[in-house]
Structure formats: structure tokens, C-alpha cells
Amino acid sequence: MNPSRAAWLSSTLATCLVGTASAGPLVWASMGEDAYRLLRRAGAQMEQVEPHALPSETIYLMRVDEDALPRLSRDVHEQLHRCGGYIVHASRAEGRQTLARFKSGVGPQGKVSYAIDDAAEVNALLPQLQESQVRSSIVQLSTAYKNRYYTTTGGVNASDDLAQSWKQLAAGRTDVTVKQFTHPSWPQKSVILTIKGTTRPKQIVVIGGHLDSTVGFTNENSIAPGADDDASGVASLQEVVRVLLTSGYQPRRTLQFIAYAAEEVGLRGSAAIAADYRAKGKKVVGALQLDMTNYQGGTNDITMITDYTNAAQNQFVRDLAAYYLPTLVVKNDACGYACSDHASWTSNGYVASFPFEAPMSQYNPYIHTSQDTIDKSGNTADHAIKFSRLALAYAIELGSDGPAPVAPRK
Ligand code: IPO
Ligand code: ZN
């Protein structure tokens with residue numbers, strides 16, 4: 001067979017299996033065994049493949065055709081019934097460093113108390129969280145733009161609009177700032193709202209979700225509402241911001257709420273932010289990821305993702321749920337390599353947890369399609385509000401860093 005026919009055949013195979021329309025530029029990426037096998041079977045162009053044995057599984061680092069990546073996660077899910085994520089790296093060196101840090105499992109930044117000792121504050125604010133607020137934020141994010149993809153007008157506008165509305169929430173507070181984090185390689189910016197800690201401002205607690213949406217190959221006119229993935233997570237954490245700010249709560253540690261750009265294309269936004277924080281020596285004491293919070297799927301209320309997350313902090317999050325939300329059913333599951341932005345914190349040596357909407361077998365089947373709309377969740381945010389409650393408890397219990405100071409005796 002002549003080489004051009006071989007190339008045609010393999011690209012046709014790739015079209016069937018991975019949906020590769022045409023060969024794009026090669027990018028550095030890492031992925032688990034399942035995703036790698038699927039790409040290889042599809043004949044996707046790959047170079048300089050190197051396996052890295054992590055304690056949990058073997059991860060492959062390679063240069064791969066960027067156009068083979070968009071539908072990879074969906075194909076792994078549909079064909080292998082597993083969740084196969086990938087991370088895009090800036091270079092081979094950066095990819096190798098990421099994998100080395102996963103391997104060594106760099107520990108937490110200093111001692112953190114997971115004692116539950118702020119019940120008065122948490123219980124005072126929990127009833128202020130409103131399902132209707134979360135619902136209207138999900139509707140807004142999922143209907144105001146054709147899509148929120150990291151390269152489109154919709155994706156750029158969604159970031160600018162979110163920064164605007166977070167600035168309105170922060171109005172009048174000198175200890176609250178809203179900034180957009182610019183990513184040099186694409187136009188969509190991440191959005192970061194910071195509530196400065198009163199006594200330990202250098203210690204940062206992060207609560208995040210991703211702003212971008214996708215339908216695989218996404219362009220200006222693609223319809224990618226991403227109501228559950230991940231308007232729901234951004235709406236869940238935004239409601240925590242609203243209640244913390246309207247109540248005048250002041251954390252001792254610094255709280256940061258982040259809407260990450262470009263999660264759907266290899267965790268690029270969160271990877272840039274977590275690497276930037278590590279490079280600057282920032283002390284992130286814990287990160288909580290909210291990606292898909294509004295589709296219950298089965299009888300679990302909250303499914304704790306146990307892989308590429310921190311076991312001690314995961315137990316803290318379960319303890320918070322048991323203490324403050326005792327009626328919720330909390331179970332565990334794994335989601336595989338790089339399934340969301342928590343992995344960016346983990347690979348940069350930080351502690352991260354990921355409470356998820358359902359077990360792997362029961363999560364929202366409409367994600368990454370034009371059908372990811374709020375009607376699939378009964379037109380309510382009844383499930384997402386549970387994650388707002390959990391995130392509020394996490395923000396205050398970790399943000400207060402110990403019980404409220406006792407008033408001096410007279
Ligand atoms: C996702 C996360 C965890 C599990 I279990 C299943 C699915 C969604 C994630 N892969 C995604 O698309 N995030 O944007
Ligand atoms: Zn997604």
C-alpha cells in the first residue's frame with residue numbers, strides 16, 4: 001500500500017472511532033491506558049509516546065493530533081464505559097513534571113485542622129442559600145450564549161459577563177476583588193473572586209468550577225448550553241459567594257472562587273492557574289471542585305471522587321456532609337485520569353476534592369451535546385443547591401480556621 005493511501009485509511013479509521021475530521025497540530029497530552037488504546041486503534045497521529053507508571057495506573061505522555069482529542073472522553077465513556085480524561089501540556093518537560101508530581105503525591109502545605117467548629121456561623125447562613133438563585137444562574141449561563149467554548153465569542157462574553165456580575169456582588173467591599181486571569185494561548189479568561197482573609201490572608205481556600213462548554217468539535221455557532229456541565233457548578237459556587245457577601249462574613253483565611261476557562265480541552269485553564277500559584281509559592285490549603293451538580297441520576301446525593309483527590313480532605317468533606325446535611329446519601333466512586341480541574345491542583349502538589357452529582361454509571365447522559373439543558377433536571381436546581389450547602393460549610397469551616405473568637409469576659 002502506498003503511504004498516502006495508508007494515511008487516508010488511518011484517518012478514515014480515526015473518523016469512525018474518534019471523529020477526527022482532519023489532522024490538526026500536534027500537542028503534548030497525557031492520558032490513561034483506555035484513552036491511549038482508543039486513539040491508537042483509531043490511527044490518530046502520535047509521536048514520542050512514553051509510558052509513566054503511576055501507583056494507580058499507567059499514564060501515557062505523547063505528542064498527538066489535537067483534532068483527535070475533542071471526542072475522546074465521550075468515546076471512552078460510550079465504548080469502554082469508563083471516564084477517560086486527558087491533560088494538555090505546554091511542553092514535554094511540563095508533562096513529565098506533572099506526571100512526576102502525581103507519582104510522588106506531594107503532600108499538603110503545612111498542617112490544616114479539619115475540626116468542625118464553626119456550626120453557629122454555618123447554620124446561620126445555610127438557610128439563606130436559595131434554589132431559585134442557583135436555578136436562574138444556570139438558566140442565564142446556559143441560554144445567553146450559543147456556547148461557552150474557550151475560543152468563541154460566546155466563551156469570551158460568558159467570562160466578561162461573569163466578571164461583571166461578580167463585581168456587582170462585591171460592590172462596597174474593600175476586601176473583595178474580582179479579576180480575570182488571562183491565558184496567553186486562547187481568548188477566554190478564567191474569573192477569580194477573592195475574599196481576603198483577616199488574620200491568615202496568605203493561606204488560600206479555593207472553590208472552583210469550569211465556565212467553558214463543549215459539544216466535541218465546537219465552533220462559533222455550535223449549540224453547547226452546558227447547563228449541567230458546568231453551568232451548574234459555577235451557579236452552585238456563585239450562590240455561596242452571594243450569601244457570604246450579603247451576610248458580611250469575613251474569613252480568616254483567603255477564599256477564592258474560580259470559574260476556570262478551557263477545562264473541556266485538557267484542563268488547560270486550571271492547569272495554568274495551579275502552575276502559576278505553585279511557581280509563586282502560594283499556599284493553597286485546599287481546593288474543592290464543582291463540575292456537574294444538578295443531575296441526580298440515582299439515589300446518591302453526593303458521590304465523592306476518590307482518585308486523584310486527597311483522602312484526608314475527602315473525609316473532611318464527608319464529615320461536613322454528615323454534620324450539616326445529615327439526610328444526604330454520600331457514596332464514593334472513581335472517575336479516572338484528569339476527569340476535571342481537581343487534577344490540576346493535585347498535580348501541582350495541592351490538596352483537592354471533587355464531590356460529584358452521581359456515580360459514574362448514572363451521571364447526566366446529555367453532557368457534551370446540544371441537549372445539556374436544565375429541563376433534564378426537571379427545570380429545578382434542587383440537586384445543585386445541595387452542593388452549594390456543602391461548599392458553604394467547606395468555605396466557612398476551612399476559611400475560619402478554628403472557632404469564632406470568644407468575646408472577652410467582662
Ligand atoms: C465527569 C466527571 C466525573 C465523572 I464519575 C464522570 C464525568 C465529567 C467530566 N469528564 C467533564 O466532562 N467535565 O467537564
Ligand atoms: Zn465536560
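How much net charge surrounds A312 when only other residues with a Cβ under 12 Å from its Cβ are counted (Lys, Arg +1; Asp, Glu -1)?
Neighbourhood net charge equals +1.
Using a 10 angstrom cutoff on alpha carbons, build the Gaussian network for the chain and name the most mobile of A227, A119, A271.
Its mean-square fluctuation being the largest, the pick is A119.
May I ask which residue of H52, Q180, I367 lies farthest towards the positive end of the charge dipole of the chain, with charges of +1 (Lys, Arg) and -1 (Asp, Glu) on Cβ and the Cα centre as origin?
Going by the charge dipole, the pick is Q180.
Take the chain, connect every pair of alpha-carbon atoms lying under 10 Å apart with a spring to form a Gaussian network, then pick out the residue of L61, L99, L26 with the largest mean-square fluctuation.
L26
With +1 on the Cβ of every Lys and Arg and -1 on the Cβ of every Asp and Glu, and nothing else charged, how large is the dipole of region 186-291 about its Cα centre, in debye rounded to the nearest 20?
1080
Report the percentage of all Cα-Cα pairs in the chain whose separation exceeds 31 Å, rounded to a whole percent.
In whole percent, the long-distance tail amounts to 34.
Could you give the distance between the Cα centres of region 184-214 and region 67-129, to the whole Å?
15
Trypsin sites (Lys or Arg not before Pro), restricted to region 217-298: which are DSSP loop and have at most 11 other Cβ atoms within 10 Å?
K280
Taking amide H positions as placed 1.01 Å from N in the peptide plane, with prolines and chain starts having none, which residues 5 or more places from R200, or on another chain, fall under 5 Å of its amide H?
Answer set, sorted by chain and number: R253.
What does the extension gain come out to for D117 and R101, with contour length at 0.36 nm per residue minus their alpha carbon separation?
Full extension of this stretch gives 2.5 nm more.
Given the options G95, G24, G281, which has the most mean-square fluctuation in a GNM of the chain, springs set between C-alpha atoms less than 10 angstrom apart?
G281
How big is the Cα convex hull of region 166-264 in projection, averaged over all directions, in nm²?
One quarter of the hull surface, i.e. the mean projection, equals 7.1 nm².
Pairwise over distinct Cα atoms, reciprocal of the mean inverse distance: report the Kirkwood radius of region 18-171 in Å, one decimal place.
For region 18-171, the Kirkwood estimate is 19.4 Å.
Which whole-number percentage describes the relative contact order of region 119-399, with Cα contacts under 8 Å and a sequence gap of 6 or more?
About 25 percent, as a whole number.
Determine the calculated [θ] at 222 nm for the chain from helices alone, applying -39500 (n - 2.57) to every DSSP H run no shorter than 4 residues and normalising by the residue count; nearest 500 deg cm²/dmol.
Theoretical 222 nm ellipticity from helices: -11500 deg cm²/dmol.
For the chain, what does the accessible surface come to per residue with a 1.4 Å probe? Please give it in Å².
With all protein chains present, the chain gives 40 Å² per residue.
Taking every DSSP beta bridge with both residues inside the chain, roughly what % is antiparallel (nearest 5)?
Close to 60 percent.
Would you work out which of I195, G32, S340 lies farthest towards the positive end of the dipole of the chain, given +1 charges on the beta-carbon of Lys and Arg and -1 on that of Asp and Glu, about the Cα centre?
After comparing all options, I get I195.
Quick one: dipole size for region 119-399, taken about the Cα centre, charges +1 on Lys/Arg Cβ and -1 on Asp/Glu Cβ, in debye to the nearest 20.
With only Lys, Arg, Asp and Glu charged at Cβ, the dipole is about 1140 debye.
Read phi for every residue in region 160-171 and hand back ³J(HN,Hα) as whole Hz from Karplus 6.51 cos²θ - 1.76 cosθ + 1.60, θ = phi - 60°, with x for Gly and Pro.
Result, ordered by residue: 5, 5, 5, 4, 4, 6, 5, 5, 5, 4, 8, 4 Hz.
The values are calculated or read from the model by the stated rules, or taken from the named source; none is laboratory data. All values reported here derive from a predicted model rather than from experimental measurement. Reconstructed Cβ throughout: ideal geometry from the backbone, glycine too, with neighbour counts over all protein chains shown. For the accessible areas, the whole protein counts, side chains as well, though only heavy atoms, and no ligand, DNA or RNA atoms are used. Shrake-Rupley method; radii C 1.70, N 1.55, O 1.52, S 1.80 Å.
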